[in-house]
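Written below as structure tokens is the structure these notes are about.
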Amino acid sequence: MGFTLDQLKVLAIIPHVTGAMSVIGSSYIIVDVLRDRSKWKKTYNRLLFAMSCFDCVTSGGFGFSTLPIPKGTPGVYNPRGTTATCTVQGFFIQMSIIGPMYNMMLALYYYLMVNRRMSEGAIAAKVEVYMHAFCWISAFTMGFILLGLKMYNTATLWCWQNDYPSNCEGSYGEPGPVPCERGKHAWLFRWVFYYGLLWVIIAITTLLMTLLYRGVRQQELKMRRYDTRLKTDSVDKAAKKKAMKENTAQSRRVLNQAMFFMGAFILTFLAGSINRLTQLVSGKSVYGLLVLHCVFAPWQGFLNALVYIRPKFL
């Protein structure tokens, strides 16, 4: 990559810090949900619980940084592992795709609550099991397919999908000077099984959030029209007006919380997407993008925890 030793040290150390912060944040959500029976009864909290459990594992994988990379790998600071440890880390990091999936399920939950007027009980009985099944089956299926194809190898910052040796393929799969021993066509699988899927999930989540916003706005406009009619109506409708206001206020709170979760989601994966796209297009790594990737990729659990506790301070 052509970076100095100090630059490589920075890239290796950052995930230790942000990965640990993410594990702490996700652990807080897990403990907070488990210790309160009323929270465990809600689909919203169970979705967050599942997402946080997986985040502890995947953020831990990020947090090991370069340590699992096979010892003696050139251009990497402090590699101490073997092919086996690299494979394990790569599998755990690939499983981080389950975070975006659960973010999409959260957006679907909010949409069903506000736009479709489904009750908590109805969502739990009719939809929740499919939410978890989709996330688990999709993520594990892709993870094990890539494991069988020996895709998990040294990938600059940690072990993930990459070809081995590193010069056996070009950015678009063109043959290199040596044959690939592992991870052939990894550049393609990165986009099919991770970043391409990630941005499909982002698009669906954005659509759900747009529909949620429109639903909340319609409720607010309906409330304003009702206020106008009430001024000229002789019938006392104060109780109904109060209920409508409370419902509208709750929908607005739901929308705000959903927006914050989506913001944390986008912030986590934006830098990594730009970094991998730059590597694909140019065949080179930009140091600043690598630093941002190291900061944000392991950090979703910490950002989720900030959003989770946000209502407590409002």
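Unpaired cysteine residues in the chain (no second Cys Cβ under 4.7 Å): 53, 56, 135, 294.
Checking the cross-link pairs 9/71; 39/126; 9/284; 71/184; 41/222 against a 27 Å limit on the alpha carbon distance flags 41/222 as lying beyond it.
Using a probe of 1.4 angstrom, how much of the accessible area of the chain is carbon and sulfur, in percent?
Numbers: 10260 of 15400 Å².
Its accessible area is 67 percent carbon and sulfur atoms.
The length gained on full extension between residue 133 and residue 185, counted as 0.36 nm times the residue separation minus their Cα-Cα distance, comes to 15.8 nm.
Largest first and in whole Å, the equivalent-ellipsoid semi-axes of segment 100-147 read 26, 11, 5, each the square root of five times a Cα gyration tensor eigenvalue.
Calculated FRET efficiency, residue 116 to residue 259, Cβ-Cβ distance, R0 = 22 Å: about 0.70 to the nearest 0.05.
All Cα-Cα distances of the chain, cut into 20 Å bins from zero to the largest, leave 30, 49, 17, 4, 0 percent in each bin in turn.
For the chain, what is the accessible area per residue in Å² when the probe is 1.4 Å?
Working: 15400 Å² over 314 residues.
That works out to 49 Å² for each residue.
Going by accessible area, probe 1.4 Å, with all protein chains left in place, what is the ranking of 206, 268, largest first? Walk me through the numbers before you get to the answer.
Values: 206 55, 268 5 Å².
Largest to smallest exposure gives the sequence 206, 268.
The GNM of the chain, with springs linking C-alpha atoms under 10 angstrom apart, assigns the highest mean-square fluctuation among 216, 88, 281 to 281. Volume of the convex hull of segment 1-147 (Cα atoms only), normalised per residue: 125 Å³.
If you rank 163, 36, 6 by how much accessible surface each has, with a 1.4 Å probe, what is the order from largest down? Don't jump to the answer; show the numbers that get you there.
Details: 163 15, 36 50, 6 105 Å².
Result of the area sort, largest leading: 6, 36, 163.
For the pair segment 113-192 / segment 1-66, the C-alpha centres are spaced 18 Å from each other.
Relative to the longest principal axis of the Cα atoms of the chain, the long axis of helix 5-34 lies at roughly 40 degrees. Between helix 196-232 and the chain there is an angle of about 10 degrees, using the helix long axis and the longest principal axis of the Cα atoms.
The values are calculated or read from the model by the stated rules, or taken from the named source; none is laboratory data. Bear in mind the structure is a predicted one, so any value in this text is a computation, not a measurement. Please note: Cβ atoms are built from the backbone with ideal geometry, for glycine as well, and neighbour counts cover all protein chains shown. When the accessible area is computed, the model is the full protein with side chains, heavy atoms only, and any ligands, DNA or RNA have been set aside. Shrake-Rupley method; radii C 1.70, N 1.55, O 1.52, S 1.80 Å.
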